[in-house]
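The values are calculated or read from the model by the stated rules, or taken from the named source; none is laboratory data. Here the structure is a predicted model, which is why all the values come from computation and not from measurement. With ideal geometry, Cβ positions are generated from the backbone for all residues, glycine too; neighbour counts draw on all protein chains shown. All accessible areas refer to the heavy atoms of the entire protein, side chains included, with ligands and DNA or RNA removed. Shrake-Rupley method; radii C 1.70, N 1.55, O 1.52, S 1.80 Å.
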Amino acid sequence: MTSLYFLAKLVLIQLALTLFFPLPTFASNAINAQEVIEELYTLKSADTNKFNKKLGYLKTIENQLTKEQRLELLYFHAYSVFFNGNIEKTIEIGRNIISKSKNIDLLISTHLLLGTASLYARSWETGLESLLFISTNIDNIDKKDLHDTANLFIPFFYVQSGKYEAALEHLKTVDTKTLNGRNKCSWHQLALESNLRLGISAPQLFEAGVEICHRSGEQYIANLIKSNYYHSESKKKPQYVISEAHFLLDNLDSFGADLLEPDLYATIAEAYIATGDFDSAEVYAKKSIEYKLERTTLLPMISAYYSLYEINTHRLNFREALEYYKKYTDINNKYLNEIEVRNYSLRLAEHKVNEIARENKSLADQNSLLKLEQQLTESEKENQQLFIMLLGTCLILLIAYLYKARQNQLRLKQLAEFDSLTGVYNRGHFTQLAKSALGFAKDSKQSASIVLFDLDLFKKINDTYGHACGDWVLKQVATVCQELTRKNDVFARVGGEEFCFLLLGCDSHTALDVAEKCRRAINAIVTKESGFDFKVSGSFGVSDNVLSGYELDRILADADEALYCSKSSGRNTVSLYNPAAEQTSLLKPDGSPATLG
């Protein structure tokens, strides 16, 4: 009995030790885990191999981590995923962290990552949320290095929004002497990119930035600095850029390679073009456009497509050159639209920050009334807040001025190129495009046709039903005719009720067919929507390069003569210009005489 009692006692003691005193082991792991987390913040962009090893270790003890430490582990996982090119997954993980964490430092770090990822994913709403959070919480950050990083995110967003002067002005306010190695490296990267985008060569800034980044172990940022600088020098020092960019490509760490390779390929292509090696240029330009759009910015694609256009133009492959130029134009327009959206996001963020500043001033005024004994202190605070508001107001006025200038530029472009009523090209822009297209057709020995048409009895419609009804008719005619054209056809309103097509690659037979389809489409317009019931018709004149040559004035005059024939022959029909006849005759698409109806 005694031995059983003693044995039972030992079991109870062991059970108690197991239940109530496991803390030294877990506490040791918790301390060790926190040390690893602090180390990961330092290693994340400096040493890829060490970062991955430490991250792997942290995952093995995940079940021993606190709730907040698990969220930090998730942040490092998102960071790794981002630099491996999975942008959408990065945003998904980041949103998950933000929904669960209350730690201001972790939230700031996550928003910094999300704000960067959003630019690649073109998720401007996400970018705006991150910019707002960082701007409104920057003063709540206790860690100086993290505060400096958050402060550099604002000029980073300026750079991505094309506001390079504003970025440089903000960077001038940063005391670089107090920055740690990583933030000093980032400061040089932003300053160099802003200068390069403004067309200012900055070799000393480039050399200093690379040296600081290497000294700080920030290999990815150093590579980004090199990539930007090489691109700016690709046409001035092509052999130097080819050599250095190839060396950089061969030595790229896999960490972030997907983000740098498209730009390096596009840069090498530009440099090869500058040396006259068009075959090598084509290889690298095509490599650049192989990357998925969601894993790169648009700038490398813009450069690569333009290089392919130059290459094919040099080889006299005008058809391929035209296709690549269209892709270049589409991507470039998309980039400009993205810049506008980013600027809009920036303005919203600044408006929010200004609103918060006004709320703070209001609270300060209330406190000053309640605490008269602290009037001097409150007065100093109010002056400080007024100074901040003044700076904010100046910044908003500057941005408003730039925005208004941009809007005026776009408005002038719209007025210069498009008809304000129908939305199709106006006569001036049509003339410019048509001359260029006819010159291209002449050089490449392509067919080209002109279809000119005029709405029948349009003045009667205006006089009988009013000008609003007439405007409605013009819009409907433009809409139904545009639906029958190809993307590379040029369609314009060249007079009050007169429209014109330039059909590149089409002979007179095809042009007659297009004209006949447009005539029928116009006849089929149901006018009840305008509030009146009447018929709409048009008279068409057609000519091509065989009949009239490639000079715009001549081919338009001949098409106009054919149009006059249609008008004189009873309207609502199609006529082909006949240079051999005294009077142009009405013809069907198959060449037979046309009849009315």
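Quick notes
- Net lengthening on full extension, Gln374/Leu316 (0.36 nm per residue, minus Cα-Cα): 12.9 nm
- Kirkwood-Stokes translational diffusion coefficient of segment 227-275, alpha-carbon pairs, 25 °C, 0.890 mPa s, µm²/s: 234 µm²/s
- Between Val526 and Lys445, the FRET efficiency from the beta-carbon distance, with R0 = 41 Å, is close to 0.45.
- Residue-level accessible surface for Ile61, protein heavy atoms, 1.4 Å, Å²: 20 Å²
- Partners of Lys237 within straight-line reach, counting lysines whose Cα lies under 19 Å from its Cα and excluding those fewer than 8 residues away in the same chain: Lys226.
- The alpha carbon gyration tensor of segment 468-569 gives principal lengths a ≥ b ≥ c with a/c of 1.5 or higher and a/b greater than b/c, which makes the shape prolate.
- Entries in Lys59/Lys286; Lys236/Lys326; Lys172/Lys235 that, when Cα-Cα distance is taken, lie over 32 Å: Lys59/Lys286
- Debye-sum result for segment 32-178 in log10 I(q)/I(0), which assumes one identical scatterer on each alpha carbon, at q = 0.10, 0.16 Å⁻¹: -0.35, -0.91
- Of all accessible heavy-atom area on segment 148-247, the percent that carbon and sulfur account for (1.4 Å): 52 percent
- The listed peptides 47-54, 149-156, 304-311, ordered by packing as a protection proxy, come out as 304-311, 149-156, 47-54 (highest mean of other Cβ atoms within 10 Å first).
- Excluding same-chain neighbours fewer than eight residues apart, the lysines reachable from Lys459 by a Cα-Cα span under 29 Å are Lys475, Lys517, Lys528, Lys535, Lys567, Lys588.
- The trypsin sites (Lys or Arg not before Pro) of segment 69-136 that meet both conditions, a loop assignment by DSSP and at most 16 other Cβ atoms within 10 Å of the site Cβ, are Lys102.
- 1.4 Å probe accessible area per residue over segment 184-323, in Å²: 43 Å²
- Given Lys89/Lys287; Lys143/Lys184; Lys53/Lys89, the pairs whose alpha carbons are separated by over 19 Å: Lys89/Lys287; Lys53/Lys89
- Rolling a 1.4 Å probe over the protein heavy atoms leaves Tyr284 with an accessible area of roughly 40 Å².
- Taking chymotrypsin sites (Phe, Trp or Tyr not before Pro) across segment 468-533, the ones in a DSSP loop with at most 14 further Cβ atoms lying within 10 angstrom of their Cβ are Phe532.
- Figure note: His77, His188 ranked by solvent-accessible area, largest first, 1.4 Å probe, ligands and nucleic acids not counted: His77, His188.
- Segment 247-339, relative contact order in percent, only Cα pairs under 8 angstrom and at least six apart counted: 24 percent
- Zone of Asp507's modelled label, taken as backbone nitrogen in segment 529-547 under 13 Å from a point 7 Å along Cα→Cβ: 544-547
- 10 Å beta-carbon shell around Phe534, net charge (K/R +1, D/E -1): +2
- Cα centroid of segment 192-235 to Cα centroid of segment 449-466, whole Å: 61 Å
- Segment 116-237: proportion of alpha-carbon pairs further apart than 20 angstrom, %: 45 percent
- Per residue solvent-accessible surface (Å²) - segment 407-541, probe of 1.4 Å: 49 Å²
- Rg over Rh for segment 416-528 works out to 1.00, using Cα positions for both radii and the Kirkwood form for Rh.
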